[in-house]
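Data block below; observations after.
The values are calculated or read from the model by the stated rules, or taken from the named source; none is laboratory data. What you see is a predicted model, and the numbers here were worked out from it, not measured in a lab. Backbone-built Cβ (ideal geometry, glycine too); neighbour counts: all protein chains shown. To get the accessible areas, we keep the full protein, side chains included, count just its heavy atoms, and leave off ligands, DNA and RNA. Shrake-Rupley method; radii C 1.70, N 1.55, O 1.52, S 1.80 Å.
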Amino acid sequence: MAAKSATRKLAAILAADVVGYSRLVRADEEGTLGALKEFRDTVIDPKIAEHHGRVVKLMGDGLLAEFASAVDAVRSAVELQQAAARHQADVPEDRRIVLRVGINLGDVVVEGDDIHGDGVNVASRLEALSEPGGICISGKVYEEIRDRIAEPFEDEGERTVKNIDRPVRIWRWRNNPLGSAARTVQASVPSRPNGRPSIAVLPFDNLSGDPEQEYFADGMVEEIITGLSRIHWLTVIARNSSFVYKGKSPDLRTVGRELGVGYVLEGSVRKAGERVRIATQLIETEAGGHLWADKFDGSLADVFDLQDQITAGVVGAIEPSVRKAEIERAKRKRPDNLSAYDLYLRALAHMHQVTPEGRIAALELIDQALALDPNYAEAHGVAAWCYFARSMWEDGLPETYRDKAIHHARAIQRLQTEDASTLAHCAIALGVATNDYASALEMINRAIAINPSSVHAYGHGAVINTLAGNYQTAIELAERSLRLSPFDPLSVMPIAAMAGAQLKLGDYDAAVASARRALQIYPTHVPSHIVAIAGLVKLGRTDEARAFAARLLEIAPGISVSSRQPIFRDQFGAELREAGLPE
């Protein structure tokens, strides 16, 4: 039998979906499905038929209908929303079926009983922009109904909508009684369970035109969800909930309300031959702002390796991006309304300044956080790192700083945290303070097992391996850390570790270059000065070495060959003396 040929026609398209469908299903799947069927039979279908419309298709929690007249479509939608409010009035607010509706007038392609085209796509985008219990219509629809329907529509101006190459003028109708109730239900869904940030990874769009690539796109999302789930402080929405949006283009602020998340990751997959490109972007749902975006290219020759690489890149970038957004949120809170978590976030901001003043400010905030919650492992982690850094890089009381670093590291061990960054801070503080590098490396390995995309686990691991004499491993870990997050505030540590390892391997030019790179990030970093001095002496560039030594004495007037960690004296004592550092 010959296939039916496609035809075109002008039609008014109505798209509708159920607000918070995934939440309703999670709460009571069987009850929700039964209630939705009854709702369709008694409310939706009669109102569409009454105004000469046709339901084109049902899509789980949504539907698509067509009308020959824009006036009929809008009257149907208004009466549908009003009938829905009456029908659900006696249902508890957290169990109500609430609709969003979008209507567009446009050219559609008809294939059998189905319709496609821009006219349909714009209607779907308008539905996503509609408020719960409300209706969004396009400017074309409004021009048809403005003198024929008395219901008030508000002009929202032009909006750019996803995958439509021209702005769409939007007019909004609000069904206030139901809209208010629906917004109350949405507001009751917390966006930060237990005070911590939460994220949903939406199904990636398959832009390849190849249905077989759907499995790759879905698999990519599952891998990223798994990777993000290893970040201890981040709540990740399960796949079953986020995949409710598959095949849709929802407004991401609406997704944030429906799933109760503060952040959403969305992306696309495009295949060309044996090459594939993954584009991803991270959005803060409350303000709708973009926090991060990137593209990843690779070959499909080894799909699983490619998925691993992309997952590591995405997870490694998301962790500092969300941390930065959370820090900015904590900064905006009133000082008299700060939780232990807020104080910890503010301390992180100071810690990341990588300055003596920053560490002092961080420790003052951490003391407040620990007064509120003495068993806050992540706060102990910041304290351990700050005291480690003070013992290594500052004048003053290195022995006292080491003792305090050990105190906070022991607290982390006692609390048995599963946070990779906190374990890494514990490892470096304890390892350097006690010279027990074997135990420190066991902790680093555990941190990497918990979160294979932890920048700090690799970066701190590079430092410990350099101190332990595992130079090639140190370089590999440093490179991994810098690939995951090249602009991480603490990236001075893996770069300096790499410099030290290159120096011990005899690659003096590379060591000096790496030390200079570290000093561009942190100009007063003592270990990087020491490596640069030693490397320049090894290269016979004594005058340059002495200039570095003079700068180091300006930074740390009390420094001497024997005043720092014994490894510096034992490994580089001769070079430091030749450059002019006092004994």
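In segment 378-396, which residues are open to solvent by 10 Å² or more (accessible area, probe 1.4 Å) and either hydrophobic (A, V, I, L, M, F, W, C) or assigned to a loop (DSSP other than H, G, I, E, B) (or both)?
MET392, TRP393, GLU394, ASP395, GLY396 - these are the residues of segment 378-396 that are open to solvent by 10 Å² or more (accessible area, probe 1.4 Å) and either hydrophobic (A, V, I, L, M, F, W, C) or assigned to a loop (DSSP other than H, G, I, E, B) (or both).
Given the criterion within 11 Å of the chain's Cα centre (by Cα), on the phi < 0 side of the Ramachandran plot and open to solvent by less than 10 Å² (accessible area, probe 1.4 Å), identify the matching residue among ILE310, ILE231.
Going through ILE310, ILE231 in turn, the sole match is ILE231.
Among the residues of segment 521-542, is any without any contact (Cβ under 8 Å) to a residue 24 or more places away in the chain and either aliphatic (A, V, I, L, M) or surrounded by 21 or more Cβ atoms within 10 Å (Cβ to Cβ) (or both)?
No, that holds for no residue.
Mind listing whichever residues of segment 509-529 are assigned to a helix (DSSP H, G or I), in contact with a helix residue (DSSP H, G or I) (Cβ under 8 Å, 6 or more places away or on another chain) and of a type in the set (S, T, N, Q)?
SER514, SER528
Residue check, ILE559 against (1) part of a helix (DSSP H, G or I); (2) open to solvent by less than 10 Å² (accessible area, probe 1.4 Å); (3) among the hydrophobic types (A, V, I, L, M, F, W, C); (4) at pLDDT below 85, all met but one. Which one?
Here ILE559 meets the rest and fails (1).
Please go through segment 257-296 and pick out each residue that is of a type in the set (S, T, N, Q) and at pLDDT below 85.
THR285
Could you tell me which of the residues GLU399, GLU357 is assigned to a helix (DSSP H, G or I), of a type in the set (Asp, Glu), free of Cβ contacts under 8 Å to residues at least 12 places away in the same chain and closer than 20 Å to GLU328 by Cα?
On the way: GLU399 fails: closer than 20 Å to GLU328 by Cα.
Being assigned to a helix (DSSP H, G or I), of a type in the set (Asp, Glu), free of Cβ contacts under 8 Å to residues at least 12 places away in the same chain and closer than 20 Å to GLU328 by Cα holds for just one of GLU399, GLU357, which is GLU357.
Only one of these is open to solvent by less than 40 Å² (accessible area, probe 1.4 Å), under 30 Å from GLY313 (Cβ atoms), within 32 Å of the chain's Cα centre (by Cα) and of a type in the set (A, V, I, L, M, F, W, C): ALA405, ALA411, ALA449, ALA424. Name it.
ALA424
Does VAL264 fit the bill of being open to solvent by less than 40 Å² (accessible area, probe 1.4 Å) and not in a helix (DSSP H, G or I)?
yes
Go through (1) of a type in the set (Gly, Ala, Ser); (2) under 30 Å from HIS350 (Cα atoms); (3) in a loop (DSSP other than H, G, I, E, B); (4) out of contact with any Pro (no Cβ under 9 Å at 6 or more places or on another chain) for ALA549 and report which single condition fails.
So ALA549 meets the others, but not (3).
Could you tell me which of the residues ASP72, ASP28 is at pLDDT below 90 and either among the acidic types (Asp, Glu) or within 30 Å of ILE237 (Cα to Cα) (or both)?
ASP28
Which numbered condition trips up GLU284, out of (1) touching a residue at least 60 places away in the same chain (Cβ under 8 Å); (2) closer than 24 Å to LEU234 by Cβ; (3) buried (at least 19 other Cβ atoms within 10 Å of the Cβ); (4) not polar (S, T, N, Q)?
Of (1) touching a residue at least 60 places away in the same chain (Cβ under 8 Å); (2) closer than 24 Å to LEU234 by Cβ; (3) buried (at least 19 other Cβ atoms within 10 Å of the Cβ); (4) not polar (S, T, N, Q), only one is false for GLU284: (1).
Taking the condition among the acidic types (Asp, Glu), modelled with pLDDT of 75 or more and either more than 29 Å from GLU326 (Cα to Cα) or surrounded by 22 or more Cβ atoms within 10 Å (Cβ to Cβ) (or both), does GLU154 pass?
yes
Taking strands (runs of 3 or more DSSP E) that do not extend beyond segment 1-115, which have at least 2 residues that are under 18 Å from ARG174 (Cα atoms) and open to solvent by less than 40 Å² (accessible area, probe 1.4 Å)?
7-18, 99-111
ALA181 fails exactly one of the following numbered conditions: (1) at pLDDT below 85; (2) over 33 Å from the mean Cα position of the chain (by Cα); (3) part of a helix (DSSP H, G or I). What is the number of that condition?
Just one mismatch for ALA181, condition (2).
On the basis of being more than 26 Å from GLY431 (Cα to Cα), free of Cβ contacts under 8 Å to residues at least 24 places away in the same chain and of a type in the set (A, V, I, L, M, F, W, C), does ALA513 make the cut?
For ALA513, the condition - more than 26 Å from GLY431 (Cα to Cα), free of Cβ contacts under 8 Å to residues at least 24 places away in the same chain and of a type in the set (A, V, I, L, M, F, W, C) - is met.
What pairs can you find where one residue is in segment 402-419 and in contact (Cβ under 8 Å) with a residue 40 or more places away in the chain, the other is in a helix (DSSP H, G or I) and among the acidic types (Asp, Glu), and their Cβ atoms are less than 7 Å apart, with a gap of 6+ or different chains?
Hits for this filter: ASP419/GLU378.
Kindly indicate whether any position in segment 359-366 is under 17 Å from the mean Cα position of the chain (by Cα), farther than 20 Å from ALA457 by Cβ and of a type in the set (Lys, Arg).
Within segment 359-366 (the criterion being under 17 Å from the mean Cα position of the chain (by Cα), farther than 20 Å from ALA457 by Cβ and of a type in the set (Lys, Arg)), the answer is no, since none of the residues qualifies.
Can you report the number of residues in segment 402-424 which are among the acidic types (Asp, Glu) and part of a helix (DSSP H, G or I)?
Summing the residues that are among the acidic types (Asp, Glu) and part of a helix (DSSP H, G or I) in segment 402-424 gives 1.
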